[in-house]
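Some notes on the structure that comes next.
Read-outs: derived from the displayed coordinates by stated rules, not from any lab. It should be emphasised that the depicted structure is a prediction, and the values quoted were computed from it without experimental measurement. Backbone-built Cβ (ideal geometry, glycine too); neighbour counts: all protein chains shown.
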Amino acid sequence: MKRRATKILKTEAQVKKSVEQNVRREWDKLQSALEEEIMKRTVHDVGGQILGMVLYTLYNNYGFRKKRLENFLGELRAGFNLTNGASKEILGREFTLVDVTDFLKEEYEIDVYKEVEEM
């Protein structure tokens, strides 16, 4: 018994619609990847600039030199490690950057977000 091959014919409008959908899908993927890369680079650049200013201020105003700056960076990394999940093992609960900003505001009336706005 012979099988008949079924031809699928599409109209020009159907082909155009299909191509537009594929292009839109690929465009959305590219746009999303670009936005992610821009955000990553922005965070990297701004974070580096802020950290640079903090280290320079410690050097310029408080006499920190290489060893003390390296120790400060080590303690800063340790603090970030606590906010990245290590706190559950140490403190028995999550410790977040919100905890840090809340502590500074409650204990010393330092609103870091307000400070950032004024810089």
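Once C-alpha pairs closer than 8 Å and six or more residues apart are averaged by separation and normalised to the residue number of the chain, the relative contact order reads 8 percent. Under a 5 Å amide H cut-off, with hydrogens placed 1.01 Å from N, Phe64 pairs with Tyr59 among residues at least 5 apart or on other chains.
Angle of helix 12-62 to the longest C-alpha principal axis of the chain, folded into 0 to 90 degrees and rounded to 10: 10°.
Any idea what angle helix 97-108 forms with the longest principal axis of the chain, computed on alpha-carbon atoms, 0 to 90 degrees, nearest 10? It works out to around 30 degrees.
Between the beta carbons of Tyr113 and His44, assuming R0 = 22 Å, the FRET efficiency works out to 0.60 to the nearest 0.05.
When the alpha-carbon atoms of segment 50-116 are used, the pair Rg, Dmax equals 13.9, 38 angstrom. Could you tell me which residue out of Phe80, Val15, His44 lies farthest along the dipole of the chain toward its positive end? Charges go on the beta carbon: Lys and Arg +1, Asp and Glu -1, centred on the Cα centre. Going by the charge dipole, the pick is Val15. Relative to the longest principal axis of the Cα atoms of the chain, the long axis of helix 66-81 lies at roughly 50 degrees.
For the chain, the mean projected area of the C-alpha convex hull, equal to one quarter of the hull surface, is 17.5 nm².
Extension gain for the segment Lys66 to Asn22, taken as residue separation times 0.36 nm less the Cα-Cα distance, is 10.3 nm to one decimal. Using a 10 angstrom cutoff on alpha carbons, build the Gaussian network for the chain and name the most mobile of Ala13, Ala33, Ala78. Highest fluctuation among the options: Ala13.
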